[in-house]
Amino acid sequence: MFCSNCGAELQPNAQLCPSCGASIRRAAPIPQGTAPNTDEIIAENSSAEVPHVQSMIPLDEGESILWHKETTKGLLHKEVVLEEAVTNKRCVKFDPVTRRVTAQIGITHWPEVVVMNLHRVNDSLGGGVFLTPRMFGLPGLGGFGVYGGPRRGVLKISGDLSFLSEGKVVMTFENVKDPQGVKQLVQALKRQAGFQGGGRMRPWSAQRFRLRQP
């Protein structure tokens, strides 16, 4: 133990610091049986708010966006011309100009996701241009040049995601960063909804359907 005021070493039962005379405060021991329940799930940063996706896609009750991508046009004044999203209920494409859903498929339809046209994209973090006076019509300055800084970037995988139902393509998300991650998200949603692979549903779902027949 050390004094929090001057840092001097303390005896185990000291009430005052022998060096500076500061009072030693001791924390009361935590009684047994007051620890959190070991079966309780405590999320890290549980008080932090989940960032809200700015989207015009109309959502159903209880529906939330889990992945979102915007396609824009224009340089100075960017305009969103297409929204693509994966929610906890469906995969959807939305036209914000006409304000209508152009394509969608629900998770309960067990969409098959196929990744195609994989390619690497360099997300550049800086310039790397070597400028010479000859570029500006000044040959008299010789080989003097200005270096615009090193090119730094991270190679990322992009690709297209096609959503199929009964072997037919319903829609395609083009140029998606980390397409395998989005595919795994849809597969996790299908497992949560009870998909078992091979087009089968949960036994209780099929039984409930039979009970509805006259």
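Contact map, region 52-66: residues that are under 12 Å from Val92 (Cβ atoms) paired with residues that are of a type in the set (Ser, Thr, Tyr) and assigned to a loop (DSSP other than H, G, I, E, B), Cβ distance under 8 Å, separation 6+ or inter-chain. Pairs shown: Ile65/Ser55. Pairs are defined by a Cβ separation below 7 Å, a sequence spacing of at least 6 or placement on different chains, a first member in region 70-87 that is more than 18 Å from Arg99 (Cβ to Cβ), and a second member that is of a type outside the set (D, E, K, R) and modelled with pLDDT of 95 or more; no pair meets this definition. Would you say Ser46 is hydroxyl-bearing (Ser, Thr, Tyr) and modelled with pLDDT under 80? So Ser46 passes the test. Against the condition touching a residue at least 24 places away in the same chain (Cβ under 8 Å) and polar (S, T, N, Q), how does Thr108 come out, does it pass? Taking the combined requirement at face value, the residue satisfies it.
Of the numbered criteria (1) within 21 Å of the chain's Cα centre (by Cα); (2) in a loop (DSSP other than H, G, I, E, B); (3) at pLDDT 90 or above; (4) not aromatic (Phe, Trp, Tyr), the one Val114 fails is (2). Give region 63-93 a look and list any residue that's under 12 Å from Gly106 (Cα atoms), surrounded by fewer than 17 Cβ atoms within 10 Å (Cβ to Cβ) and touching a helix residue (DSSP H, G or I) at 6+ places or on another chain (Cβ under 7 Å), or say none. Selection gives Asn88 alone.
The values are calculated or read from the model by the stated rules, or taken from the named source; none is laboratory data. Please read all numbers here as calculations on a predicted model, not as lab measurements. Because the Cβ atoms are built from the backbone with ideal geometry, glycine has one as well, and the counts that use them run over all protein chains shown.
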